[in-house]
Amino acid sequence: MTEPRIKHSIPDARWPTEAEAAASLWFSPTHIGRLAVEQRTWVPAMVPWRATEDGFVTAEVLDWYARFAEGRPGVLVVEATGIRDIASGPLLRIGDDRFIPGLRRLVETVREQSAGHTRLFIQILDFLTVRRRPEPATFFARYLPISSPLRERLARALTDERWRTAAEGDVRARLAAAERSLVEAVLDERELESLDYGYRERVWDTHLPWIRDLPRVLPALFAAAARRARDAGFDGVELHYAHAYTMASFLSRLNDRADGYGGSREQRVRVPLEALAAVRRSVGDEYVVGIRFLGDDVVAGGSRIDDAMFYGVELAAAGANYLSVSKGGRFEDARQPKIGEAVYPYTGASGYECMPTVLGDARGPFGRNVPLAAAIRRAVREAGHETPVVTSGGIHSFEQAEGILRRGEADFVGAARQTLADPDWFRKIRLGLGPQVRRCQFTNYCEGLDQRHKQVTCKLWDRDVAPGERDVRMSLDGKRRLEPPAWRPPTPS
Ligand SMILES: Cc1cc2nc3c(=O)[nH]c(=O)nc-3n(C[C@H](O)[C@H](O)[C@H](O)COP(=O)(O)O)c2cc1C
Ligand code: SF4
C-alpha cells in the first residue's frame, strides 16, 4: 500500500431471501478430501488470548468457539496453536499429550453447539524467538555481544586503537554513553535492530545450532502435533505456513540458507514439504491436512505470487487437502515497538495487506486478496489438482462471497473480522435476516487488542445488549464485553 490514505465506507449490502441463500453456492455442500462440508462458509483462525499462561484451554476459550459454532459456519479454524512444549504466554499449545483433554473438550463443545454442522480444524504453528525492545542501558550492559569486529569498528570510529583490547565493561560503558551516530557506526545491522526493535531470529541464522537444525526438527514437531489434533477429535489440521512465522520464512524469497533449504523456490519449499509428508505419515491418508500460506509476502525482497503459485502446485501435489491463501503480515516492515514491547507483524504495509482497514489506498480493503487465491487456484487446476482454495481478507457480504465462488476465484470464502463482529451472520443470512447482520467496520480495534496480547473483543459488541440479557461477562480490564451479544431468535412477522 503506497498510495495516499483514503477513508472508505462499508458498502451497502443486498441480502438474499431465505430461498436465495438456500440456492446459493456459498451455502451449498462440498467436500475437503473425503470430509463432507455443509457449506463453503469459513472462519479463519483468530487468536483471542484466552488460554492459560501455560497454553491450556480455558472456559473462556470454550465459550469463544461455542459462540462461533452457534452461527454454524461450514468450517471453523481454531487459532494458531504452538507445536513446541515451551512457554509462550496465553497462546494455545499442542506440544504435549497433556494438552489433548482440553482440546478434546473444545471439539465436543463445537460439535454440540453447531449440532454437528460445523467442521472444526486447528491451526498449528512454529515460531522463532522474538524479544521485547530493550531499554538501551540494559541492552548495552547485558545483551550486546562484545565481539572483535565490534571492537574494531569502535577503535576505527574513535581513532583510538586501545578499544581493540579495552576491558569489556569499558566498551559497554562507552557505547551506553555514545551519541546515536557513534552507535550506528559501531553496531552492525542486526545489532542495531536488536537495540531498536528487540532481538529477533531468522530461519537463515544458520550460525545458531537450533536454527541450523530446523529442517531436522520441524517435521517431527508438526507430525506429533497433528497426531494430537486427530486424537483430540478435530476434523482436520491446518499447517500455519503464513505470516511472520517459521514456515512462511522458509518459503520467503528472503530465505538464503545455503544448506539446501534456502535460495531457489525448490529448496525453500523443502522443509514445508517434508513437514507435510511427516504429518501425512502420522495422521494417515484420510485425515484432512490443510495449509495456510502467503500469496504475497508484500515486504521488499520477499516472495510474490509466482512463488506462491509454484508452492500451491507443490503442496497440492504432495497431498494437501486445501490451500488457504493469506497475504503479508511479516516482521520485516513492522513498526518500531515501544521500549518494553515486542515488534508486531501487522503494523507495516504487509500487516495492512493481511488485515486491511477502511483507511487505505484507492482499492479499499474489500476482497483485496482474492486475485492471489484466484491465481493460485488456476495454477493448481492447470496442474491437474482439485484441491480447494480458501480466500479471506475484507469479506463482508453475501453478494461478494457468492460472486467470488461463481467466478471460480475460490472454493471457500472466509471471513474473520466480520464473523467476530457478528458470529450469527451466516445463520442470519441463511434465515433471510441479512439486514440484521452487525456489520464489521474494518477499523481494527480487535487487532489492536491482539497486538497488546489483550483478550480480543469487538467494539460493536459493547453497544449491543440483547433485550433481557443479564450477567454480561466483562474482559479482564473490566472495560469491554468479553463475549458477543446473545443470539436473538427472529420475531414472527
Ligand atoms: C484478532 C485476530 C487474530 C488473528 N489470528 C490469526 C491466527 O491465529 N492465524 C492466522 O492465520 N490468522 C490470524 N488472523 C488473520 C485472519 O485469519 C484473517 O486472515 C485476517 O483477519 C483477514 O481476514 P478478514 O478481513 O476476514 O478479517 C487474525 C486476525 C485477527 C483480527
Ligand atoms: S473490532 Fe472493528 S474491525 Fe474488529 S471485528 Fe469489530 S468492527 Fe470489525
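The values are calculated or read from the model by the stated rules, or taken from the named source; none is laboratory data. Here the structure is a predicted model, which is why all the values come from computation and not from measurement. We place every Cβ from the backbone using ideal geometry, glycine too, and count neighbours over all the protein chains shown.
What the table below lists for this structure:
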quantity: Check on Trp26, assigned to a loop (DSSP other than H, G, I, E, B), in contact with a His (Cβ under 7 Å, 6 or more places away or on another chain) and under 27 Å from Tyr241 (Cα atoms); calculated: no
quantity: Within segment 296-346, tally of residues that are within 16 Å of ligand 1 (Cβ to nearest atom) and either more than 30 Å from His385 (Cβ to Cβ) or modelled with pLDDT under 95 (or both); calculated: 6
quantity: Test result for Gly89, assigned by TED's automatic domain parsing to the domain that holds Leu405, among the small types (Gly, Ala, Ser) and buried (at least 19 other Cβ atoms within 10 Å of the Cβ); calculated: no
quantity: Residue that is modelled with pLDDT under 95 and small (Gly, Ala, Ser), where the choices are Ala13, Ala23; calculated: Ala13
quantity: Which listed residue, of Ala277, Ala316, Ala300, Ala308, is in contact (Cβ under 8 Å) with a residue 40 or more places away in the chain and surrounded by fewer than 20 Cβ atoms within 10 Å (Cβ to Cβ); calculated: Ala277
quantity: Any helices (runs of 4 or more DSSP H) falling wholly within segment 183-296 and containing at least 3 residues that are of a type outside the set (Ser, Thr, Tyr) and more than 18 Å from Glu332 (Cα to Cα); calculated: 209-212, 214-232, 265-268, 270-283
quantity: Boolean, Trp64 is among the aromatic types (Phe, Trp, Tyr), crowded, with 24+ Cβ neighbours inside 10 Å, within 13 Å of ligand 1 (Cβ to nearest atom) and closer than 21 Å to Cys446 by Cβ; calculated: yes
quantity: Which numbered condition Gln336 fails, given (1) surrounded by fewer than 23 Cβ atoms within 10 Å (Cβ to Cβ); (2) within 16 Å of ligand 2 (Cβ to nearest atom); calculated: (2)
quantity: Per-region count, segment 456-468, residues under 18 Å from the mean Cα position of the chain (by Cα) and more than 10 Å from ligand 1 (Cβ to nearest atom); calculated: 0
quantity: Test: residue in segment 75-83 that is away from ligand 1 (no atom under 14 Å from the Cβ) and in contact with a strand residue (DSSP E or B) (Cβ under 8 Å, 6 or more places away or on another chain); calculated: no
